[in-house]
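Structure record follows, encoded as structure tokens.
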Amino acid sequence: MATGEPAPERESGPTALRIVLGAQLRRLREAAEISRADAGYAIRGSESKISRMELGRVGLKERDVNDLLTMYAMNDEDARAKFLEMVRRSNSPGWWHRYTDLMPDWFQDYVGLEEAASRILTYETHFVPGLLQTEDYAMAIASHGRPELATPAVRRRVSLRMQRQKILARPGAPRVWAVIDESVLHRPIGGRQVLLDQLEYLLSVTKDGPVTLQIVSFSLSGYAAEGPFTMLRFSEPDLPDIVYLEHLAGALYLDKLEELEAYSRVFDRLTVDAETPDRSRQMLAKMRAGL
């Protein structure tokens, strides 16, 4: 007899919940020694459907999950009720739902995972990382340097970025470890005042907030990594680390062990090559004084 209950939840967004629940369904199925094909047949689906459900790539229907739990002999009513409640929650839209017309599907998934992460490691070569941008800085980027001509869609895109930053102010906020190329600080995005305000904000958020910032000086720029990337780490044991790579036409999510190890080594190298957090704050202060 297979029994169990979902892993403890840590303010997980719908995307992360879907992955956690899918992993638990896989464990229950394997414990019951039932094949994906047989499980798919039981819910009027296919082996491929079960695979997608277990990988968290599709929404979970409560009726399907209820039938699977019966098939997997989950007879603990309390655990079963908790599981189905989490299924219902996994199908509720995240706060970013109202911005879906501005975000391709691949970015909606990222926002959901970002909300559930316990640690966010990011490397940027052109701009201040999105989670650390001021509103004016974000507007300068989104409007291509012409904020006075910003359309409603551009303003909403900036609003989305500001909404994302609220995760840094909540209880149990994820730890953010950002490494940026020194050139980022010399790129006058939005002009002198916008850059000055951005430097002030970086000094503020790295003083008392959950943010560590390191700067890779010009002398070591470009050696450790070829381009920007973000690694998300989760406290839930069922959620693997994920490397997120954005490109012009979409994004890649890497979660194979060898890929994660490669990017972990790169990030470790970046933190060694970069100035220490204290020295990086001194560089920010010096640049602020110069402006």
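The values are calculated or read from the model by the stated rules, or taken from the named source; none is laboratory data. Only a predicted model underlies this, so the values are computations on that prediction, with no experimental measurement involved. Cβ atoms come from the backbone with ideal geometry, glycine included; neighbour counts cover every protein chain shown. Please note that ligands, DNA and RNA were not included when accessible areas were found on the heavy atoms of the full protein model with its side chains. Shrake-Rupley method; radii C 1.70, N 1.55, O 1.52, S 1.80 Å.
Descriptive notes on the structure:
- Evaluated against (1) closer than 20 Å to T125 by Cα; (2) surrounded by 14 or more Cβ atoms within 10 Å (Cβ to Cβ); (3) within 16 Å of the chain's Cα centre (by Cα), G190 falls short on exactly one condition, (3).
- Residue check, P171 under 30 Å from L21 (Cα atoms) and surrounded by fewer than 16 Cβ atoms within 10 Å (Cβ to Cβ): yes
- Among the residues examined, S221 qualifies as within 18 Å of L185 (Cβ to Cβ) and small (G, A, S).
- Checked against (1) open to solvent by 20 Å² or more (accessible area, probe 1.4 Å); (2) in contact with a helix residue (DSSP H, G or I) (Cβ under 6 Å, 6 or more places away or on another chain); (3) at pLDDT 90 or above, S264 meets all criteria but (2).
- For the range 204-216, a residue qualifies if it is within 20 Å of G290 (Cα to Cα) and exposed (fewer than 15 other Cβ atoms within 10 Å of the Cβ), and exactly one does: S204.
- Failed condition for D136, given (1) closer than 30 Å to S217 by Cα; (2) within 21 Å of the chain's Cα centre (by Cα); (3) outside any loop (DSSP other than H, G, I, E, B): (2)
- Considering residues of the range 107-126 that are open to solvent by 10 Å² or more (accessible area, probe 1.4 Å) and assigned to a loop (DSSP other than H, G, I, E, B) only, the residue nearest to M231 (Cα to Cα): S118
- Meets criteria (open to solvent by 60 Å² or more (accessible area, probe 1.4 Å), of a type in the set (V, I, T) and modelled with pLDDT of 95 or more) for T271: no
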